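Since the structure comes first, as structure tokens, the remarks are kept for the end.
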Amino acid sequence: MNINSRNIFIVYLFLYFSLLVGFYFNEDFAGGYLKDYLLHKSITDSFDENFIESFFNYDKFVLPHSPVYIIFFLILKKIFFNEIFVRLIGLHLSLLIPFFFVVMLKN
């Protein structure tokens, strides 16, 4: 098989659509997504109820993420009011992380 930019684009497009289909059908084969999502949602709700107390007591939440991550999703939740749209934005932003990583490695 000849590897050229067209074939790479087709593979990336197929993988992207497979993510969208998995998003649509709430695919969770390993069972970790639902647990993580519910944990992040409860912490985001805690930040929404009492931001200052939740922020200064962030160490009581057992999370490997920065509070900036939770604050970002809290802001998105307040702007869009739709949980599915916020999840979709999170999916697309997560897809940009490897792209920026490769750009930084090239520089």
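The numbers here are math on the coordinates, done by the rules we state, and not lab data. From a predicted model like this one, the values you see are computed outputs, not experimental measurements. Using ideal geometry, Cβ is built from the backbone for each residue, glycine included, and neighbour counts are taken over all protein chains shown.
Within straight-line reach of Lys41, meaning a Cα separation under 30 Å, sit the following lysines at least 8 residues removed in sequence or on another chain: Lys60, Lys77, Lys78. Helix 5-24 axis versus longest C-alpha principal axis of the chain: approximately 40°, rounded to the nearest ten.
Compactness ratio of the chain: Cα Rg over 2.2 N^0.38 Å, N = residue count? Walk me through the numbers on the way to the answer.
Details: Rg = 17.3 Å, N = 107, 2.2 N^0.38 = 13.0 Å.
After normalising by residue count via 2.2 N^0.38 Å, the value is 1.33.
Among Lys35, Lys78, Lys60, whose mean-square fluctuation peaks in a Gaussian network model of the chain (Cα, cutoff 10 Å)? Answer for the Gaussian network model of the chain: Lys60.
Counting only residues at least eight positions apart within a chain, or on another chain, there are no aspartates and glutamates with an alpha carbon under 13 Å from that of Lys106.
Order of Phe14, Phe51, Phe73 from fewest to most other C-beta atoms within 10 Å?
On the way: Phe14 9, Phe51 12, Phe73 20.
Listed from fewest to most nearby Cβ atoms, that is Phe14, Phe51, Phe73.
Sort Val86, Val103 by Cβ crowding within 10 Å, fewest neighbours at the top. Present the calculation step by step, with values, prior to reporting the outcome.
Working: Val86 20, Val103 9.
The most exposed by this proxy come first: Val103, Val86.
Give, as a single signed number, the net charge of other residues whose beta carbon lies under 13 Å from the beta carbon of Gly22, with Lys and Arg counted +1 and Asp and Glu -1. Could you put the intermediate results ahead of the total?
Numbers: positive: Arg87; negative: Glu27, Asp28.
Local net charge: -1.
Val86: net charge of surrounding residues, Cβ under 15 Å, Lys/Arg +1, Asp/Glu -1, itself excluded?
Working: positive: Lys41, Lys77, Lys78, Arg87; negative: Asp36, Asp45, Asp48, Glu83.
That sum, taken over residues with Cβ under 15 Å, equals 0.
For the chain, a crude dipole built from +1 on the beta carbon of Lys and Arg and -1 on the beta carbon of Asp and Glu, taken about the Cα centre, is about 460 debye to the nearest 20.
So how do Arg87, Arg6 line up by other beta-carbon neighbours within 10 Å, fewest first? Could the numbers behind the result be given before it?
Working: Arg87 15, Arg6 9.
Ordered from fewest to most neighbouring Cβ atoms within 10 Å, Arg87, Arg6 come out as Arg6, Arg87.
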